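Some notes on the structure that comes next.
Bear in mind that the values in this text are calculations on the coordinates, not laboratory data. Just so it is clear, the structure is predicted and the values come from calculations on it, not from any experiment. Backbone-built Cβ (ideal geometry, glycine too); neighbour counts: all protein chains shown.
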Amino acid sequence: MPGFLSWKHQFNRKGKKMKRRYFVQNVFTGSVASFAGCSDSHGQPQPGEMPPEPYGAQYYKKACDIWERESSTEFPLITEAADRAAWSLKNGRRLYSHVIFGHMLEAEFRQDRAGNPNYLPNWTRNTADEEYDALGEGDFLLFDYAKKRVRAARDRGVFTVGIRVPYLPNAIIPPGVLFTGYSLYDGSSTEECSGIVLTPGVHFTDGVLFVPEIPAVRACPISVQGAGIFYWMLTAAIAMRDKGGGADDSGEKALEYINSVRERGARIRADLDRIDEVAKAMTGCVAQGGRYWNFSHGCEFAIENYIRASGIAMSQLITPDDMAGKVKPGDFAIIAGEFSDVRENADMAKALKNKGIKVISIGPTHTVGSRGDDLSTIADWHIDTCSPEREGVVSIPGFDRKICPTTGVLYALALWMLNSQFIGRMIEAGMTPGLDMGVHLLGGRGYNSAVRPVVAERGY
């Protein structure tokens with residue numbers, strides 16, 4: 001099997017080194033597609049068929065597929081899991097969570113997150129094995145990080161609910177596509193660690209779009225729509241059982257949450273023309289040598305768009321402290337927040353605009369009770385996530401505020417719909433962008449080591 005790093009040194013028939021343009025073409029047009037196990041022709045129009053929908057619309061449909069699954073086939077499992085969690089609380093036991101796959105999710109589930117009643121306090125990817133020793137018989141654990149320590153906890157009598165994710169072995173991932181040297185992998189599968197298994201239906205690449213010009217990598221990850229929504233649905237169901245007096249088999253509050261996501265997601269889809277307008281503006285910036293930056297304060301929305309499996313390789317982070325040596329007029333930046341009036345986001349937007357950088361805001365147009373400058377009024381372009389509340393969207397008896405926010409999962413939806421359109425517009429302009437392949441995939445590290453220097457040289 002040839003190595004990725006040998007490509008620059010391949011020779012043509014005349015014995016000369018491969019020219020840069022042919023090297024780039026090989027990398028982006030699928031010389032390594034077989035390594036990722038995803039080089040099918042899914043998504044390409046057949047003779048006589050209409051061309052596929054815009055990539056943003058395709059991405060939205062993939063999200064709809066996940067939402068439908070979570071509210072139908074997975075729903076009885078969520079209610080069963082909530083029953084077990086409620087039993088643990090009633091009997092003086094503890095609830096835990098260790099859901100980390102999806103760059104923004106650790107912060108999305110933080111204990112002081114507005115709208116989080118903290119029934120499922122979430123650990124981080126740096127949680128040590130020894131911390132699992134505190135879990136005992138009758139406790140409850142929601143997890144996506146399958147490891148031997150989870151299996152050991154289950155064997156001690158902890159009730160475990162596992163979420164299948166693209167990055168670790170489970171029964172729906174085809175054999176031979178995962179990189180067994182992946183740093184978070186210890187050979188454990190989701191099933192052997194779980195009492196209940198939840199399946200969001202996220203593709204093993206995490207990306208969901210087949211782009212014919214980049215067949216080696218499925219574009220645009222969607223894992224936040226899987227694990228993120230499961231967490232909030234389960235939280236709503238547990239809260240209803242604990243304080244709301246819900247029957248053991250009821251799950252109306254979990255459905256209330258995901259139905260809010262679906263209704264608001266449909267409104268974001270209805271704004272696709274606006275999203276495409278922003279994608280075209282981003283493409284125009286890149287055509288003039290502009291670079292792509294991200295910033296968020298008080299959450300980790302920005303890292304959802306940085307070194308992301310199936311994400312855009314040119315997308316980078318920026319901070320107030322390091323922007324002087326990085327940004328230049330003609331660049332563009334996405335700034336995001338859980339609320340419209342985060343002062344640090346507004347200050348960053350103003351500072352970037354003063355330097356000639358175009359600012360895109362993704363988030364609520366106006367958060368209820370806004371106490372300062374709304375980012376949407378400062379930015380050059382704004383994409384509304386239709387989430388104006390400061391807390392959550394689910395009312396539970398016994399709580400003085402609504403719980404379970406949609407600002408995070410709908411930010412991720414809007415972001416990747418925008419990136420989907422951006423990829424399409426870049427290709428249309430003759431600038432096929434480089435994508436990062438997930439390092440959990442066989443061949444991912446090698447692919448990235450070949451693509452990233454090209455992206456650094458070209459700028460995209």
Inset, instruction - For every helix of n ≥ 4 consecutive DSSP H residues, a contribution of -39,500 (n - 2.57) applies; sum these over the chain, divide by its total residues, and give [θ] at 222 nm rounded to the nearest 500 deg cm²/dmol. - result: -11000 deg cm²/dmol
Legend entry - For Gln316, residues with placed amide H under 5 Å, excluding near neighbours: Tyr292, Trp293, Asn294
Inset, instruction - Cross-chain or 8 or more residues apart, Cα under 15 Å: how many lysine pairs in the range 283-438 fit that? Count them up, please. - result: 8
Inset, instruction - Please report, in whole Å, how far the alpha carbons of the range 54-146 spread along each principal axis, starting with the longest. - result: 50, 30, 28
Legend entry - Residues His382, His98, sorted so that the one with the fewest Cβ neighbours within 10 Å comes first: His382, His98
Legend entry - Kirkwood hydrodynamic radius of the range 55-266, from inverse mean 1/r over distinct Cα pairs, in Å: 17.6
Inset, instruction - Give a quick list of trypsin sites (Lys or Arg not before Pro) in the range 186-270 that DSSP marks as loop, anything other than H, G, I, E or B, with at most 15 other Cβ atoms within 10 Å. - result: Lys243
Inset, instruction - Report the far tail of the P(r) of the chain, meaning the percent of Cα-Cα pairs longer than 32 Å. - result: 40
Legend entry - Crossing angle, helix 272-287 versus the chain [Cα axis fit, 0-90 degrees, rounded to tens]: 40
Inset, instruction - Starting from one equal scatterer on each C-alpha and no solvent at all, send me the Debye-based log10 I(q)/I(0) for the range 139-216 at q = 0.25 Å⁻¹, two decimals. - result: -1.16
Legend entry - Cα-based convex hull volume of the range 309-391 per residue, rounded to whole Å³: 110
Inset, instruction - Could you list Tyr119, Tyr182 in order of exposure, starting from the residue whose Cβ has the fewest other Cβ atoms within 10 Å? - result: Tyr182, Tyr119
Inset, instruction - Label the range 142-298 by shape, choosing from rounded, prolate and oblate, from the square roots a ≥ b ≥ c of the eigenvalues of the Cα gyration tensor; if a/c is under 1.5 it is rounded, and otherwise prolate applies when a/b is larger than b/c, oblate when it is not. - result: oblate
Legend entry - Sorted by Cβ neighbour density within 10 Å, fewest at the top, the residues Glu137, Glu389, Glu344: Glu137, Glu344, Glu389
Inset, instruction - With just the Cα atoms of the range 116-176, tell me how far they stretch along each of the three principal axes, in Å, largest first. - result: 35, 29, 20
